[in-house]
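A short write-up of the structure that comes next.
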Amino acid sequence: MAEIALETHGLTMRFGGVVAADRVDFRLQARELRCLIGPNGAGKSTFFKCITGLQSPSEGEVWMRGIETTGWMPHQVASLGVGIKTQTPNVLDSLSVHENVWLAARRFHGAREADRKTREVIDLLDLGAIAKDGLGRLAHGERQRVELGLVAAGDPWLILLDEPAAGLGAEDVERLTGIIRELNRQATLVIVEHDMQFIRSIAETVTVFHQGKVLMEGHVDRVMSDPVVRNVYLGRKA
Amino acid sequence: MDLYVVVLVEVLYGVASLILISAGLSIVFGMIKVINLAHGEFMMIGGYATITAVNLGMNVFVAMLVIAPAVVGLVGLVVERLVIRHLYGRLVDTMLATWGLSLFFIGLATMIFGNTTTGISTPIPGFAIGDYQVNGYNFFIIVVAALLLVAMLSVLKGTRAGLVARGTMQGPDMAAALGYSPDRIYMATFFCGSALSGLAGAILAPLVGLVPTSGGAYIAKAFITVIAGGPSLVAGLLSSASLFGVVHQAFTFATSPVIGEVALLVAAVVLLRILPQGVTGTFFKGKT
Amino acid sequence: MSLNRRNILTGAAAAASVGMLPRVAMGADSVKLGSILDTSGIFDAYGTPMDMAMRLAVNEINAAGGLLGRQVEVVAYDTQSDMALYTQYGQRLTRQDQVDVVHGGILSASREAIRQTMRKTRTLYFYNVLYEGGVCDRNIFINGVTPAQQVEALVPYAMGKSGKAVYILAADYNYGQITARWIQKFVADNGGHAVGVDFFPLDVSDFGSTIAKIQTVGPDLVIAPLVGGAHLSFFRQWAAAGMKDRIPLASTTMGVGNEHKVLTPEEGNGIMVAYNYSQELDTPANNAFKERWSAAYGDSSLIHEIAVSNYQGVMTWAEAVRQAGSLDREAVIASLEAGLSIDGPAGTVTVDPKTHHAVLDVHIMEIEDQGMRVIETLPQRQPIDTQAVCDLQANPDDNTQYEIQI
Amino acid sequence: MPGGLTRDAVTIALVTGVLIWVLPLIVGTYTLTVLAIYGMLGLSLGLIWGFGGILCFGQAAFFGLGAYAYAIFAINIGESTVPMILAVLVPAVFAALLGAMMFYGRLGDVYLGVITLVVTLILYKVVNSTAGPQYVIGNARLGGFNGIPGFPTLNVPGTPDAYIWGDRYFHVCAVLLGLVYMLVTALLRSSFGRIAVGIRENETRMSLMGYDVRARKTAMFAIGAGIAGLAGGLFANWAEIVTPSLFSLGQSAEIIIWCIVGGLGTRLGPVLGAAGLAYLKFLLGQQAVIDNALVTGLVLVLFVLFLPKGVVPALSDLWSAGIGRIRPGRIGRRRQPRRRGWPNG
């Protein structure tokens, strides 16, 4: 039996009277790449936050590689070897690209090994030219790329990305696709995304959220052609 | 029986004085997210304005209820235009700048009035409840605090200005959407908050006397009352002032004023620690 | 006022700015008098007149030809009502300025902060303030009244006018703590009992709940050794609650900083006190003193108990230097211990050789229309509290502050 | 970067040595001693605020605790070496407990400010009301408002009778300041320091990387408190008395002002800010024309408005602009810590 990388049982999140995630059962095999889609407010970001520990679910369980992580703090989740990129760019603005990546690498390596790993990641993501620049001065696409570098520097086996392609130009998206493919060689990926073009280019299986629940799960082509999905998601978006 | 009434009056007075000293800070913080650490010195200026006016032969109530708020409101206006205006949205910087202002005003008052305790007599005589004498002025403070709360509530809920104010609390865009310049509203808010600080200082001056450093005694209490009170101006102020006032007076009465103060401060730490989302939970909701 | 400044007035600069001291050259051959007082901050009501009195005394000494043919130069520091500054300025006076004598200190806290520095550096020290008694140290001379001189006289008078149940409200530092115990002792000696003792830090200014609490206990008399500007609020709030006509008040400190002139007659009248000095003393010495003060400063309204003590302290030291014919510490101590006596504005003050305290007159008084009306004068009282525990003739190396045990 | 560290160490040693030699020619050593102590105190807040992103309104609490710990243990032990160590440890442990309470409670910055301020006030009120004879620790009367005078001052370790005072005490304080500065430099170059700066920049990101932000902030807080405690112990020795005013909010305010004026996110800024402003205050104390607090307050307001970075960063920016390159080795700097969870922030 293939290893289960991530699993939730009846994951529920309420804010006051609003149920943002409603009894979500989710399961992901190791080395899989899964996209979560759905209209705004469908609950995919809430679901994402509950897995990463940014929020603590009202009910239900989260399991990663057979360990229950329900209600863990983000740093505990990350310490398991989980790389996380949040929706808004979360980087260390006044530090250099090198320092950013080094700090991410240092968590899982000794200081010297972290230096080596940092060089490796900077090469991998083609950040060499801007390695000494402060993050605050970089363009949006570059910042997104650096954040992916932060995720990659920890050698994660599970990577959770919230809207990595948001606001990127065509060229950057293309580059991003390559990086994600590269990361997927070692790790399981969960990607929350809107950009259908991008999803088609990277994913095989997608999970559709609607009103806090999983509406449907399946191959991207099948899901995209499903009339119900078209109705709630694509229809509304158009 | 009379004893209970006396104790009750003392407790009410404790709550009322907390409301009074926190109201100005609360409005400024609640509406425009500025923590004015010179609040205590605004009170001190209110006190000096009162005492100076009385010494010039003015009626003490006019001095307290009209002159002091007007003077301090104007001081607030100047401060807002010169300093605060440039720092909106930079919470820590406003705290630091107003801390600097507080030192500045202490220095200024020392140079003008000298570092000596001054005071005026309380204008209301004491009276008896059964076998016990109570300070009549305490009732005055309780009444003023109650009127203040009612006034704040009715302005906020019942007037156009209140609507604008509540809109502003949601964010400057809302005020702009209602057709008002946020700049103007901020200015008006700071004026009102300062005037209330002046009023509080004026009213407390006859009771406890005045030195240029008097403000320091109030700022910490006002600060924690406002922070613990949370987002709702009136309800927050009332709830935290009640809690801290009761704790303070109960311990003061049972032991000594020092232990009363310490109990109040400990209560504040405990409250903030166990209820960072409780009293103030709504505070964060929908605003970030 | 140029005197009310928080700076260091030294030498000719001081003389020029004060405009009082004769402008003679004051070089290395002048006699250096160190003064260390709170002339700003919350205790300035005590310190500023003390500073004026000291300068008046020095001025008079210099006008009369100085000491040993030399002018007296004042080296004064303002400690800004901050106890931590006392040690700093105390060290500067002794180590850097190397003065011949130090007069000063107001609160007992400030005295204890510098007393050991003075002793270590062998600098003669005069503490000219009424206090809680018991200091036994050959290097220090004290001319303020002690509890045996003051409290012992005040308590029976006040109890006689009220009753046996006494409530004590004291300032929370060494003066208040020890004085409260003396009050308890004398209350018990007179057949009464203390029904309550509360201590208040010097920054407490809201006494509302305390006043309510006192009423629940229901004493016949309240004795209040309260200190400083914040504590003055007690007398205001007491009157505002209408308590003044119900329970009589006595105090060992009220009026020492002329507090009775800040209170209205309605607030102050009837408070019972006992001191060495009052502006209302109608003696030739006092009237002449007030005239000299007025000539120097315009009017005499600022004179108070410890300003006069400070004046008398400086004069006592000057007389001792004259008699010794030297500034040498041992020689001056010897002439002081010979039972030296001066006539000051508050009457005769005689050094008690055994304790280095003073024998002096004490007046029982009541506050009346912002003045102190003398009820009874008790001449030449001995500091018997300190005499009971301290004998510097027998134990010259003693260096303790004895505290009353209950 | 061990090579860089050695170079820093040599620089710091040289500068300290030269200053110890030159400064007494200009200013008296008695004043210089306290300037060095304040420099250390400024550095303690500069470390936790400028590099750790923790705005503490109660740094004076640790200063006071260090001073009281020294005084109390010096009276009971009769020599100075152990009390000096305890002057560092007591505030550090206190800060660790307080920090754990705050950081593990996920309290935001403003709450942190309120709580540190309130804790300082509590310490002040409690210590201020211990004048009675019943408040004794071992042989030491706490003394309340009076404070504790007359404790044994610093002696040569192992020789309780060999007191260190005067010029030699200044040398001790100046060398200790140099050592602490060295220690802070090494700390900031270490992984721990770099991670702390990362946390200052973005707590969420650092915890998403797997760092336990709470534990690290607590540790940083305790280190800063230990340094403040050392400064407190040294101050007690200099003043020869400890009083409750050490815990005052005014003292806390001054430390914050030093950091702002000197420059946050630098090591040198808070030290220079402290020494410079303390000296200015000393000079102002010698004249009567203008009040001290007025000037201090005005300085703070003007800096917040016009030079929020502080003097040292502004000068170094000017310098680097002048020679057309960015100085290496300066560790990232930000004016304010990020405020997580603050409305409209």
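Within the range A:94-105, being at pLDDT 90 or above and surrounded by fewer than 24 Cβ atoms within 10 Å (Cβ to Cβ) holds for A:SER96, A:HIS98, A:GLU99.
This table checks each residue for (1) more than 24 Å from B:GLY126 (Cα to Cα); (2) in the same structural domain as C:ALA165 (by TED's automatic domain parsing).
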residue: C:ALA194; (1), (2): yes, yes
residue: C:ASP206; (1), (2): no, yes
residue: C:MET272; (1), (2): no, no
residue: C:ASN286; (1), (2): yes, no
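Restricting the range B:1-50 to residues that are in contact with a helix residue (DSSP H, G or I) (Cβ under 7 Å, 6 or more places away or on another chain) and part of a loop (DSSP other than H, G, I, E, B), which is farthest from D:GLY250 (Cα to Cα)? Ranking the candidates gives B:LYS33 first. Filtered by the rule that a residue be over 15 Å from D:GLY113 (Cβ atoms), within 14 Å of chain B (Cβ to nearest Cβ) and not in a loop (DSSP other than H, G, I, E, B), the range D:258-273 gives D:TRP258, D:VAL261, D:GLY262, D:GLY273.
With respect to the conditions (1) polar (S, T, N, Q); (2) crowded, with 18+ Cβ neighbours inside 10 Å; (3) within 14 Å of chain A (Cβ to nearest Cβ), D:SER190 falls short on a single one, namely (2).
Restricting attention to the range B:117-143, and to residues there that are modelled with pLDDT of 90 or more and touching a helix residue (DSSP H, G or I) at 6+ places or on another chain (Cβ under 6 Å), which single residue is surrounded by the fewest Cβ atoms within 10 Å (Cβ to Cβ)?
The initial filter retains those residues of the range B:117-143 that are modelled with pLDDT of 90 or more, namely B:140-143.
Now narrow it down to the ones that are touching a helix residue (DSSP H, G or I) at 6+ places or on another chain (Cβ under 6 Å): B:141-142.
Details: B:ILE141: 23, B:ILE142: 19.
So the residue we want is B:ILE142.
Just one of the listed residues (C:ILE367, C:ILE342, C:ILE375) is over 18 Å from C:MET118 (Cβ atoms) and free of Cβ contacts under 8 Å to residues at least 60 places away in the same chain, namely C:ILE342. Within the range D:98-126, being within 14 Å of chain C (Cβ to nearest Cβ) and either of a type outside the set (Val, Ile, Thr) or under 21 Å from the mean Cα position of the chain (by Cα) (or both) holds for D:LEU121, D:ILE122, D:LEU123, D:TYR124, D:LYS125.
Somewhere in the range D:275-288, is a residue among the hydrophobic types (A, V, I, L, M, F, W, C), within 14 Å of chain B (Cβ to nearest Cβ), assigned to a helix (DSSP H, G or I) and more than 18 Å from C:GLN80 (Cβ to Cβ)?
First, the residues of the range D:275-288 that are among the hydrophobic types (A, V, I, L, M, F, W, C): D:275, D:277-278, D:280, D:282-284, D:288.
Now narrow it down to the ones that are within 14 Å of chain B (Cβ to nearest Cβ): D:277, D:280, D:284, D:288.
Then keep just the ones that are assigned to a helix (DSSP H, G or I); that gives D:277, D:280, D:284.
When the remaining residues are screened for being more than 18 Å from C:GLN80 (Cβ to Cβ), the result is none.
Taking every residue of the range D:275-288 in turn, none turns out to be among the hydrophobic types (A, V, I, L, M, F, W, C), within 14 Å of chain B (Cβ to nearest Cβ), assigned to a helix (DSSP H, G or I) and more than 18 Å from C:GLN80 (Cβ to Cβ).
On the stretch given as the range C:145-197, residues that are more than 23 Å from the chain's Cα centre (by Cα) and either over 22 Å from C:LEU378 (Cβ atoms) or polar (S, T, N, Q) (or both) total 11.
Would you tally the residues in the range D:303-316 being within 23 Å of the chain's Cα centre (by Cα) and within 9 Å of another protein chain (Cβ to nearest Cβ)?
Residues of the range D:303-316 within 23 Å of the chain's Cα centre (by Cα): D:303-304, D:307-316.
Subset that is within 9 Å of another protein chain (Cβ to nearest Cβ): D:303-304, D:308.
Total satisfying the criteria: 3.
Examine the range D:133-152 for a residue that is over 30 Å from C:ASP203 (Cβ atoms) and under 22 Å from the mean Cα position of the chain (by Cα), and state whether such a residue exists. Walk me through it before giving the result.
Filtering the range D:133-152 down to residues over 30 Å from C:ASP203 (Cβ atoms) leaves D:152.
After this cut, where a residue has to be under 22 Å from the mean Cα position of the chain (by Cα) as well, the list is none.
Checked the range D:133-152: no residue is over 30 Å from C:ASP203 (Cβ atoms) and under 22 Å from the mean Cα position of the chain (by Cα).
Residue by residue, here is whether (1) farther than 19 Å from D:GLY166 by Cβ; (2) of a type in the set (Phe, Trp, Tyr); (3) surrounded by 16 or more Cβ atoms within 10 Å (Cβ to Cβ) holds:
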residue	(1), (2), (3)
D:TYR30	no, yes, yes
D:GLY39	yes, no, yes
D:GLY52	yes, no, yes
D:CYS56	yes, no, yes
D:PHE62	yes, yes, yes
D:ILE72	yes, no, yes
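The set of residues in the range B:96-133 that are more than 7 Å from every other protein chain (Cβ to nearest Cβ), part of a loop (DSSP other than H, G, I, E, B) and polar (S, T, N, Q) is empty.
Take the conditions buried (at least 20 other Cβ atoms within 10 Å of the Cβ), among the aromatic types (Phe, Trp, Tyr) and either over 25 Å from D:CYS259 (Cβ atoms) or more than 7 Å from every other protein chain (Cβ to nearest Cβ) (or both) and apply them to B:TYR88. Does it pass? No: the conditions fail for B:TYR88. Residues in the range C:160-192 that are polar (S, T, N, Q) and not in a helix (DSSP H, G or I): 2 in all. Of all residues in the range C:383-406, those satisfying the criterion of being touching an Asp or Glu at 6+ places or on another chain (Cβ under 9 Å), assigned to a loop (DSSP other than H, G, I, E, B) and hydrophobic (A, V, I, L, M, F, W, C) are C:CYS390, C:LEU392, C:ILE404.
In this structure, C:VAL273 qualifies as touching a strand residue (DSSP E or B) at 6+ places or on another chain (Cβ under 8 Å) and closer than 24 Å to C:ALA165 by Cβ. Could you please let me know if A:ARG181 is under 27 Å from A:ALA152 (Cβ atoms), outside the structural domain of A:GLN144 (by TED's automatic domain parsing) and surrounded by fewer than 18 Cβ atoms within 10 Å (Cβ to Cβ)? Here the answer is yes, as A:ARG181 does meet what is asked.
The single condition among (1) of a type outside the set (Lys, Arg); (2) surrounded by 24 or more Cβ atoms within 10 Å (Cβ to Cβ); (3) part of a helix (DSSP H, G or I) that D:ILE85 does not meet is (2).
For every residue, the table says whether it meets (1) among the small types (Gly, Ala, Ser); (2) in a helix (DSSP H, G or I); (3) farther than 20 Å from A:SER45 by Cα.
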{"residue": "A:LEU150", "(1), (2), (3)": "no, yes, yes"}
{"residue": "A:ALA166", "(1), (2), (3)": "yes, no, no"}
{"residue": "A:LEU176", "(1), (2), (3)": "no, yes, yes"}
{"residue": "A:ILE180", "(1), (2), (3)": "no, yes, no"}
{"residue": "A:LEU189", "(1), (2), (3)": "no, no, no"}
{"residue": "A:VAL208", "(1), (2), (3)": "no, no, no"}
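Quick check on this structure: which one of B:ILE227, B:ILE219, B:ILE203 is under 17 Å from the mean Cα position of the chain (by Cα), within 16 Å of B:THR50 (Cα to Cα) and part of a helix (DSSP H, G or I)? Can you show your working first?
Details: B:ILE227 fails: within 16 Å of B:THR50 (Cα to Cα); B:ILE219 fails: within 16 Å of B:THR50 (Cα to Cα).
Criteria check complete, one pass: B:ILE203.
Reported count of residues in the range C:215-233, each being at the interface with another protein chain (Cβ under 10 Å from one of its Cβ atoms), assigned to a helix (DSSP H, G or I) and touching a residue at least 12 places away in the same chain (Cβ under 8 Å), is 3. Scanning the range D:45-82 for residues that are polar (S, T, N, Q) and outside any helix (DSSP H, G or I) returns a single hit, D:SER80.
Among the residues in the range C:151-159, are any in a strand (DSSP E or B), crowded, with 20+ Cβ neighbours inside 10 Å and in contact (Cβ under 8 Å) with a residue 24 or more places away in the chain?
If we filter the range C:151-159 for residues that are in a strand (DSSP E or B), which is where we start, we get none.
So far as the range C:151-159 goes, no, none of its residues is in a strand (DSSP E or B), crowded, with 20+ Cβ neighbours inside 10 Å and in contact (Cβ under 8 Å) with a residue 24 or more places away in the chain.
Checked against the criteria, C:VAL204 counts as surrounded by 21 or more Cβ atoms within 10 Å (Cβ to Cβ), under 26 Å from the mean Cα position of the chain (by Cα) and either closer than 26 Å to C:VAL129 by Cα or of a type in the set (Gly, Ala, Ser) (or both).
For (1) farther than 30 Å from C:ALA113 by Cβ; (2) buried (at least 21 other Cβ atoms within 10 Å of the Cβ), each residue gets a yes or a no:
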position	(1), (2)
C:LYS161	yes, no
C:ASP172	no, yes
C:VAL197	no, no
C:PHE200	no, yes
C:SER209	yes, yes
C:LEU221	yes, yes
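The values are calculated or read from the model by the stated rules, or taken from the named source; none is laboratory data. Everything numeric here is computed off the predicted structure, so don't read it as measured data. Because the Cβ atoms are built from the backbone with ideal geometry, glycine has one as well, and the counts that use them run over all protein chains shown.
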